[in-house]
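Participant: I have a structure here, written as structure tokens, and I will follow up with some questions on it.
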Amino acid sequence: MTHGPQKTLWVVAMDGAKALIYRNEGDADYPVLKPVEIEKQDVPPTREIVSDKPGRMFDGTGHRSAMDEGDAHQYEEAEFARDTVEFLNAHALKDDYGRLIIFAASRTLGVIRPEYHDALKERLIGEFDIDVVNEPVDALEKRVHKALESA
């Protein structure tokens, strides 16, 4: 693989609490992933984030019902995923990588796709709906090899 801004491949494995960003220092046949950035966030369960009782609302029939406040845990995970994409967008705009592969669970992909900058979209050669953040690097390198074969 030719190195340089036009050919540098970054690989991202992420979920709502962990983002592993690697640079391929090998080639398509033998990927060698080296960390660029590793971000982790401790996202506690909703019961630990929200301590108050839900608000109450008058429903017009003389009854009061609890208001759904949403899932604070999912909100925190989505914010973390968006922050990771901001990092990727910024580096795409600086031309720090030429190609990008993303591995993430479907919920995370659903959160991050609308946040892609055009510069990131131009470099994106593959998105894979699979959570691999806890896989060893050699297993991820095999996935990258297969992704590059089909790209």
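The values are calculated or read from the model by the stated rules, or taken from the named source; none is laboratory data. It should be emphasised that the depicted structure is a prediction, and the values quoted were computed from it without experimental measurement. Positions of Cβ are generated from backbone atoms using ideal geometry, with glycine treated the same way; all protein chains shown enter the neighbour counts.
Participant: On the given criteria, is Ile112 under 17 Å from Glu37 (Cα atoms), touching a helix residue (DSSP H, G or I) at 6+ places or on another chain (Cβ under 7 Å), crowded, with 19+ Cβ neighbours inside 10 Å and not basic (Lys, Arg)?
Facilitator: So Ile112 does not fit the description; no.
Participant: Condition first: modelled with pLDDT of 85 or more and assigned to a loop (DSSP other than H, G, I, E, B). Now tell me which residues in the range 17-42 satisfy that.
Facilitator: Listed by number, the residues that qualify are Ala17, Glu25, Gly26, Asp27, Ala28, Asp29, Tyr30, Pro31, Val32.
Participant: Something else about it: Starting from the range 103-128, take each residue that is without any contact (Cβ under 8 Å) to a residue 24 or more places away in the chain and list its partners that are polar (S, T, N, Q) and assigned to a helix (DSSP H, G or I), counting only C-beta distances under 7 angstrom and pairs at least six apart or across chains.
Facilitator: Listed by first residue and then by second, the contacts come to nothing, as the list is empty.
Participant: Condition check: farther than 18 Å from Leu20 by Cα and modelled with pLDDT of 95 or more. Does Lys121 satisfy that?
Facilitator: Against the criterion (farther than 18 Å from Leu20 by Cα and modelled with pLDDT of 95 or more), Lys121 qualifies.
Participant: For Ile112, indicate whether it is part of a helix (DSSP H, G or I), among the aliphatic types (A, V, I, L, M) and under 23 Å from Val144 (Cα atoms).
Facilitator: Here the answer is yes, as Ile112 does meet what is asked.
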